[in-house]
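The values are calculated or read from the model by the stated rules, or taken from the named source; none is laboratory data. In this text the structure is predicted, and so the values were computed from the model without any measurement. Cβ placement follows ideal geometry from the backbone for every residue including glycine, while neighbour counts extend to all protein chains displayed. The protein model used for the area step is the full one, side chains on, heavy atoms only, and it has no ligands, DNA or RNA in it. Shrake-Rupley method; radii C 1.70, N 1.55, O 1.52, S 1.80 Å.
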Amino acid sequence: MTAPARRWAFLAGGAVLLGLLGWAMTGLPGFGAAPAPVGQAIARAGVPERGATDIVTIVNLDYRGFDTIGEELILFTAVAAVVVLLRRERTEVEGEPEDIEPARDEAVVVAGAAIGALALLFGFYLVTHGQLTPGGGFQGGASIASGLVLVYLAAGYRPLARLLPEWLLEAAEGSGAGTFIAIGLASLPAGAAFLQDVLPRGEVGSVDSAGTVTPIYVAIGVAVAAGFALILLEILTQEEVIRPRRGRR
Amino acid sequence: MILPVLQAAVLVLVAASGTAVVLLRDPVRQVIALGFFGLQLAAVCFVLQAPDVALSAITVSAVLLPLMIVAVLARMREDSR
(Lines give C-alpha, C1' and ligand atoms only; values in the text may rest on other atoms or scores of the structure.)
Protein backbone atom coordinates (compact mmCIF):
# COMPACT_ATOMS: atom_id res chain seq x y z
CA MET A 1 0.00 0.00 0.00
CA THR A 2 1.27 3.44 -0.80
CA ALA A 3 1.61 6.02 1.91
CA PRO A 4 -1.36 8.19 0.85
CA ALA A 5 -3.56 5.08 0.64
CA ARG A 6 -2.52 4.17 4.19
CA ARG A 7 -3.36 7.66 5.35
CA TRP A 8 -6.83 7.53 3.78
CA ALA A 9 -7.47 4.11 5.30
CA PHE A 10 -6.52 5.43 8.74
CA LEU A 11 -8.73 8.49 8.35
CA ALA A 12 -11.72 6.37 7.31
CA GLY A 13 -11.27 3.96 10.22
CA GLY A 14 -10.68 6.85 12.61
CA ALA A 15 -13.88 8.59 11.50
CA VAL A 16 -15.91 5.41 12.10
CA LEU A 17 -14.33 5.00 15.55
CA LEU A 18 -15.01 8.64 16.40
CA GLY A 19 -18.67 8.26 15.40
CA LEU A 20 -19.13 5.13 17.49
CA LEU A 21 -17.40 6.70 20.51
CA GLY A 22 -19.55 9.82 20.27
CA TRP A 23 -22.70 7.73 20.09
CA ALA A 24 -21.56 5.74 23.14
CA MET A 25 -20.83 8.90 25.14
CA THR A 26 -24.40 10.13 24.71
CA GLY A 27 -25.63 6.99 26.47
CA LEU A 28 -23.53 7.45 29.59
CA PRO A 29 -25.18 8.38 32.90
CA GLY A 30 -24.61 11.91 34.14
CA PHE A 31 -21.36 12.79 35.93
CA GLY A 32 -21.60 11.68 39.55
CA ALA A 33 -24.88 9.81 39.18
CA ALA A 34 -24.05 6.28 40.22
CA PRO A 35 -26.64 3.82 38.86
CA ALA A 36 -25.67 0.92 41.14
CA PRO A 37 -26.98 0.79 44.75
CA VAL A 38 -23.73 -0.68 46.10
CA GLY A 39 -22.01 2.71 45.79
CA GLN A 40 -24.72 4.42 47.81
CA ALA A 41 -24.59 1.73 50.51
CA ILE A 42 -20.81 1.96 50.85
CA ALA A 43 -20.89 5.76 50.95
CA ARG A 44 -23.48 5.66 53.72
CA ALA A 45 -21.91 2.91 55.82
CA GLY A 46 -18.24 3.56 55.17
CA VAL A 47 -17.49 6.28 57.67
CA PRO A 48 -19.40 5.11 60.77
CA GLU A 49 -18.78 1.39 60.30
CA ARG A 50 -15.15 1.40 59.22
CA GLY A 51 -13.96 4.57 60.90
CA ALA A 52 -12.23 5.94 57.82
CA THR A 53 -12.91 9.05 55.78
CA ASP A 54 -11.42 7.93 52.46
CA ILE A 55 -13.94 5.56 50.92
CA VAL A 56 -11.62 4.49 48.10
CA THR A 57 -9.09 3.13 50.60
CA ILE A 58 -11.82 1.33 52.51
CA VAL A 59 -13.09 -0.33 49.35
CA ASN A 60 -9.52 -1.26 48.39
CA LEU A 61 -8.45 -2.73 51.69
CA ASP A 62 -11.51 -3.53 53.73
CA TYR A 63 -14.32 -4.55 51.44
CA ARG A 64 -12.16 -5.87 48.59
CA GLY A 65 -8.85 -6.50 50.32
CA PHE A 66 -8.30 -9.80 48.56
CA ASP A 67 -8.02 -8.05 45.19
CA THR A 68 -5.34 -5.76 46.62
CA ILE A 69 -3.25 -8.78 47.53
CA GLY A 70 -3.37 -9.70 43.85
CA GLU A 71 -2.25 -6.18 42.89
CA GLU A 72 0.66 -6.34 45.29
CA LEU A 73 1.74 -9.69 43.89
CA ILE A 74 1.58 -8.27 40.35
CA LEU A 75 4.11 -5.62 41.36
CA PHE A 76 6.24 -8.25 43.10
CA THR A 77 6.28 -10.42 39.96
CA ALA A 78 7.19 -7.46 37.74
CA VAL A 79 10.15 -6.55 39.97
CA ALA A 80 11.28 -10.18 40.04
CA ALA A 81 11.12 -10.30 36.24
CA VAL A 82 13.29 -7.18 35.92
CA VAL A 83 15.85 -8.56 38.38
CA VAL A 84 16.00 -11.87 36.51
CA LEU A 85 16.35 -10.18 33.11
CA LEU A 86 19.17 -7.91 34.30
CA ARG A 87 21.09 -10.56 36.23
CA ARG A 88 24.88 -10.72 36.01
CA GLU A 89 25.84 -12.90 33.07
CA ARG A 90 29.09 -14.70 32.50
CA THR A 91 30.09 -12.30 29.71
CA GLU A 92 29.78 -9.28 31.93
CA VAL A 93 31.86 -7.98 34.75
CA GLU A 94 31.34 -5.15 37.17
CA GLY A 95 33.52 -2.13 36.57
CA GLU A 96 33.71 1.41 37.76
CA PRO A 97 31.09 3.96 36.73
CA GLU A 98 32.64 5.70 33.79
CA ASP A 99 33.01 9.42 33.99
CA ILE A 100 30.72 9.80 31.04
CA GLU A 101 28.41 11.97 33.06
CA PRO A 102 29.50 15.61 33.19
CA ALA A 103 30.16 17.26 36.51
CA ARG A 104 26.87 17.80 38.25
CA ASP A 105 25.69 21.38 38.10
CA GLU A 106 25.22 22.92 41.53
CA ALA A 107 21.67 23.91 40.70
CA VAL A 108 20.80 20.26 39.96
CA VAL A 109 22.35 19.11 43.23
CA VAL A 110 20.55 21.67 45.38
CA ALA A 111 17.22 21.30 43.62
CA GLY A 112 17.43 17.52 43.68
CA ALA A 113 18.28 17.42 47.37
CA ALA A 114 15.55 19.87 48.41
CA ILE A 115 12.75 18.49 46.26
CA GLY A 116 13.85 14.91 46.93
CA ALA A 117 13.60 15.43 50.68
CA LEU A 118 10.15 16.94 50.24
CA ALA A 119 9.06 14.07 48.02
CA LEU A 120 10.24 11.51 50.59
CA LEU A 121 8.40 13.30 53.39
CA PHE A 122 5.26 13.56 51.30
CA GLY A 123 5.53 9.87 50.47
CA PHE A 124 5.65 8.96 54.16
CA TYR A 125 2.61 11.15 54.78
CA LEU A 126 0.66 9.53 51.95
CA VAL A 127 1.46 6.03 53.22
CA THR A 128 0.40 6.59 56.82
CA HIS A 129 -2.70 8.69 56.12
CA GLY A 130 -4.24 6.43 53.51
CA GLN A 131 -7.56 6.07 55.27
CA LEU A 132 -8.01 9.78 55.98
CA THR A 133 -7.02 11.52 52.76
CA PRO A 134 -6.53 10.32 49.20
CA GLY A 135 -3.33 8.35 49.07
CA GLY A 136 -2.30 5.05 50.50
CA GLY A 137 0.45 2.52 50.19
CA PHE A 138 0.79 2.40 46.39
CA GLN A 139 0.77 6.14 45.86
CA GLY A 140 3.03 6.79 48.87
CA GLY A 141 5.50 4.11 47.81
CA ALA A 142 5.69 5.59 44.31
CA SER A 143 6.29 9.05 45.83
CA ILE A 144 9.11 7.67 47.97
CA ALA A 145 10.61 6.11 44.86
CA SER A 146 10.38 9.47 43.06
CA GLY A 147 12.26 11.04 45.98
CA LEU A 148 14.98 8.43 45.56
CA VAL A 149 15.17 9.22 41.83
CA LEU A 150 15.78 12.86 42.75
CA VAL A 151 18.46 11.74 45.22
CA TYR A 152 20.15 9.86 42.37
CA LEU A 153 19.98 12.94 40.13
CA ALA A 154 21.50 15.07 42.86
CA ALA A 155 24.17 12.76 44.19
CA GLY A 156 25.14 10.28 41.47
CA TYR A 157 25.27 6.52 41.28
CA ARG A 158 27.82 5.58 43.97
CA PRO A 159 26.07 7.26 46.94
CA LEU A 160 22.74 5.75 45.91
CA ALA A 161 24.22 2.26 45.57
CA ARG A 162 25.90 2.57 48.95
CA LEU A 163 22.75 3.93 50.63
CA LEU A 164 20.49 1.20 49.23
CA PRO A 165 22.34 -2.08 48.80
CA GLU A 166 20.54 -4.73 46.83
CA TRP A 167 20.07 -7.10 49.74
CA LEU A 168 18.29 -4.39 51.75
CA LEU A 169 15.87 -3.57 48.92
CA GLU A 170 15.14 -7.22 48.23
CA ALA A 171 14.53 -7.91 51.92
CA ALA A 172 12.30 -4.87 52.27
CA GLU A 173 10.23 -5.74 49.24
CA GLY A 174 9.74 -9.37 50.19
CA SER A 175 8.95 -8.61 53.79
CA GLY A 176 6.47 -5.92 52.79
CA ALA A 177 4.48 -8.30 50.61
CA GLY A 178 4.79 -11.04 53.22
CA THR A 179 3.59 -8.80 56.03
CA PHE A 180 0.45 -7.99 54.08
CA ILE A 181 -0.40 -11.67 53.78
CA ALA A 182 0.61 -12.32 57.39
CA ILE A 183 -1.79 -9.61 58.61
CA GLY A 184 -4.49 -11.33 56.61
CA LEU A 185 -3.67 -14.69 58.14
CA ALA A 186 -3.55 -13.17 61.63
CA SER A 187 -7.31 -12.65 61.56
CA LEU A 188 -7.94 -16.38 61.33
CA PRO A 189 -7.07 -17.28 64.96
CA ALA A 190 -9.43 -14.52 66.09
CA GLY A 191 -12.27 -16.44 64.52
CA ALA A 192 -12.82 -14.04 61.63
CA ALA A 193 -12.39 -14.49 57.90
CA PHE A 194 -9.04 -14.03 56.12
CA LEU A 195 -8.06 -10.33 56.02
CA GLN A 196 -11.12 -9.30 58.00
CA ASP A 197 -10.57 -6.17 60.08
CA VAL A 198 -10.52 -7.26 63.72
CA LEU A 199 -8.54 -4.43 65.33
CA PRO A 200 -10.51 -1.85 67.38
CA ARG A 201 -11.52 1.37 65.68
CA GLY A 202 -10.14 4.67 66.94
CA GLU A 203 -11.91 7.96 66.55
CA VAL A 204 -12.75 8.99 63.02
CA GLY A 205 -10.05 11.33 61.73
CA SER A 206 -7.05 10.01 63.62
CA VAL A 207 -4.33 7.88 62.09
CA ASP A 208 -5.24 4.69 63.94
CA SER A 209 -8.92 4.97 63.13
CA ALA A 210 -9.41 2.11 60.72
CA GLY A 211 -7.95 -0.99 62.27
CA THR A 212 -5.71 -3.04 60.05
CA VAL A 213 -5.75 -0.50 57.19
CA THR A 214 -2.75 1.48 58.45
CA PRO A 215 -0.42 -1.51 59.10
CA ILE A 216 -1.34 -2.99 55.73
CA TYR A 217 -0.68 0.29 53.96
CA VAL A 218 2.66 0.71 55.72
CA ALA A 219 3.65 -2.77 54.54
CA ILE A 220 2.47 -2.03 51.00
CA GLY A 221 4.28 1.33 51.03
CA VAL A 222 7.56 -0.31 52.04
CA ALA A 223 7.12 -3.05 49.42
CA VAL A 224 6.24 -0.64 46.58
CA ALA A 225 9.03 1.83 47.41
CA ALA A 226 11.60 -0.95 47.67
CA GLY A 227 10.31 -2.56 44.47
CA PHE A 228 10.58 0.65 42.44
CA ALA A 229 13.98 1.42 43.97
CA LEU A 230 15.17 -2.08 43.07
CA ILE A 231 14.08 -1.66 39.44
CA LEU A 232 15.80 1.72 39.37
CA LEU A 233 18.99 0.33 40.88
CA GLU A 234 19.07 -2.63 38.50
CA ILE A 235 18.64 -0.46 35.39
CA LEU A 236 21.22 2.08 36.60
CA THR A 237 23.70 -0.66 37.49
CA GLN A 238 23.25 -2.17 34.08
CA GLU A 239 23.84 1.18 32.47
CA GLU A 240 26.71 2.56 34.52
CA VAL A 241 28.66 -0.30 35.97
CA ILE A 242 28.27 -3.53 34.01
CA ARG A 243 30.80 -3.91 31.23
CA PRO A 244 31.36 -6.76 28.81
CA ARG A 245 34.23 -8.94 29.90
CA ARG A 246 37.30 -8.21 27.78
CA GLY A 247 40.16 -10.57 27.05
CA ARG A 248 39.82 -14.24 26.38
CA ARG A 249 36.45 -15.83 26.97
CA MET B 1 -20.17 26.44 35.50
CA ILE B 2 -16.43 26.42 35.92
CA LEU B 3 -16.07 22.66 36.29
CA PRO B 4 -17.16 21.62 32.77
CA VAL B 5 -14.94 24.32 31.30
CA LEU B 6 -11.98 23.03 33.31
CA GLN B 7 -12.70 19.45 32.25
CA ALA B 8 -12.92 20.45 28.60
CA ALA B 9 -9.68 22.43 28.81
CA VAL B 10 -7.74 19.58 30.43
CA LEU B 11 -9.08 17.07 27.91
CA VAL B 12 -7.95 19.31 25.06
CA LEU B 13 -4.49 19.50 26.66
CA VAL B 14 -4.38 15.70 26.87
CA ALA B 15 -5.22 15.39 23.19
CA ALA B 16 -2.62 18.00 22.23
CA SER B 17 0.22 16.49 24.28
CA GLY B 18 -0.61 12.98 23.08
CA THR B 19 -0.42 14.16 19.48
CA ALA B 20 2.87 15.89 20.28
CA VAL B 21 4.35 12.65 21.62
CA VAL B 22 3.43 10.87 18.40
CA LEU B 23 4.62 13.59 16.02
CA LEU B 24 8.05 14.00 17.63
CA ARG B 25 10.69 11.79 16.07
CA ASP B 26 13.67 11.81 18.41
CA PRO B 27 13.22 9.30 21.28
CA VAL B 28 14.77 11.59 23.90
CA ARG B 29 12.36 14.39 23.05
CA GLN B 30 9.52 11.90 22.98
CA VAL B 31 10.39 10.91 26.53
CA ILE B 32 10.11 14.48 27.79
CA ALA B 33 6.81 14.91 25.96
CA LEU B 34 5.68 11.61 27.53
CA GLY B 35 6.37 12.99 30.98
CA PHE B 36 4.28 16.03 30.21
CA PHE B 37 1.53 13.79 28.81
CA GLY B 38 1.49 11.81 32.06
CA LEU B 39 1.10 15.04 33.99
CA GLN B 40 -1.91 15.98 31.84
CA LEU B 41 -3.50 12.57 32.47
CA ALA B 42 -3.08 13.13 36.18
CA ALA B 43 -4.72 16.55 35.81
CA VAL B 44 -7.70 14.88 34.08
CA CYS B 45 -8.01 12.47 37.01
CA PHE B 46 -7.91 15.34 39.50
CA VAL B 47 -10.54 17.32 37.64
CA LEU B 48 -12.80 14.24 37.41
CA GLN B 49 -12.56 13.85 41.21
CA ALA B 50 -10.35 10.74 41.40
CA PRO B 51 -7.31 11.90 43.41
CA ASP B 52 -5.93 8.47 44.32
CA VAL B 53 -5.57 7.49 40.66
CA ALA B 54 -4.05 10.90 39.90
CA LEU B 55 -1.35 10.49 42.55
CA SER B 56 -0.32 7.12 41.12
CA ALA B 57 -0.42 8.48 37.57
CA ILE B 58 1.82 11.43 38.42
CA THR B 59 4.57 9.43 40.05
CA VAL B 60 4.61 6.51 37.68
CA SER B 61 4.14 8.13 34.29
CA ALA B 62 5.86 11.46 34.87
CA VAL B 63 8.86 10.40 36.94
CA LEU B 64 9.61 6.69 36.84
CA LEU B 65 8.66 5.81 33.27
CA PRO B 66 10.72 8.58 31.58
CA LEU B 67 13.66 7.71 33.82
CA MET B 68 13.59 4.05 32.85
CA ILE B 69 13.27 4.86 29.14
CA VAL B 70 16.12 7.38 29.28
CA ALA B 71 18.39 4.93 31.11
CA VAL B 72 17.73 2.25 28.50
CA LEU B 73 18.31 4.76 25.67
CA ALA B 74 21.62 5.78 27.23
CA ARG B 75 22.68 2.16 27.46
CA MET B 76 21.72 1.52 23.82
CA ARG B 77 23.61 4.57 22.67
CA GLU B 78 26.70 3.45 24.57
CA ASP B 79 26.48 -0.09 23.21
CA SER B 80 26.41 1.15 19.65
CA ARG B 81 29.60 3.16 20.14
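Quick look at the values:
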| quantity | calculated |
| --- | --- |
| Kirkwood-based shape ratio for the protein assembly as shown, expressed as Rg/Rh from alpha carbons | 1.02 |
| Calculated FRET efficiency for the pair B:ILE32/A:VAL84, C-beta based, R₀ 30 Å, to 0.05 | 0.50 |
| Extension reserve of the A:TRP8-A:LEU118 stretch, reckoned as 0.36 nm per residue once the Cα distance is removed | 34.6 nm |
| Cα→Cβ-extended label distance, 7 Å offset, between B:ASP79 and A:ALA41, nm | 5.4 |
| Accessible surface buried once B binds A (1.4 Å probe; total of both sides; Å²) | 1800 |
| For region A:9-17, Karplus couplings with θ = phi - 60° (6.51, -1.76, 1.60), whole Hz, Gly/Pro x | 4, 5, 5, 5, x, x, 5, 5, 4 |
| FRET efficiency, A:THR26 to A:MET1 (Cβ-Cβ, R0 35 Å, nearest 0.05) | 0.50 |
| Within the protein assembly as shown: Cβ-based charge dipole about Cα centre, in debye rounded to nearest 20 (Lys, Arg +1; Asp, Glu -1) | 1040 |
| Accessible area expressed per residue, the protein assembly as shown, with surrounding protein chains retained (probe 1.4 Å, Å²) | 58 |
| Principal axes of chain B: Cα extent on each, largest first, Å | 57, 26, 10 |
| With at most 14 other Cβ atoms within 10 Å, longest stretch of chain A clear of loop chymotrypsin sites (Phe, Trp or Tyr not before Pro) (DSSP) | A:32-193 |
| Most positive-pole-ward Cα, A:VAL82, A:ALA225, A:ASN60, against dipole of chain A from beta carbon charges | A:VAL82 |
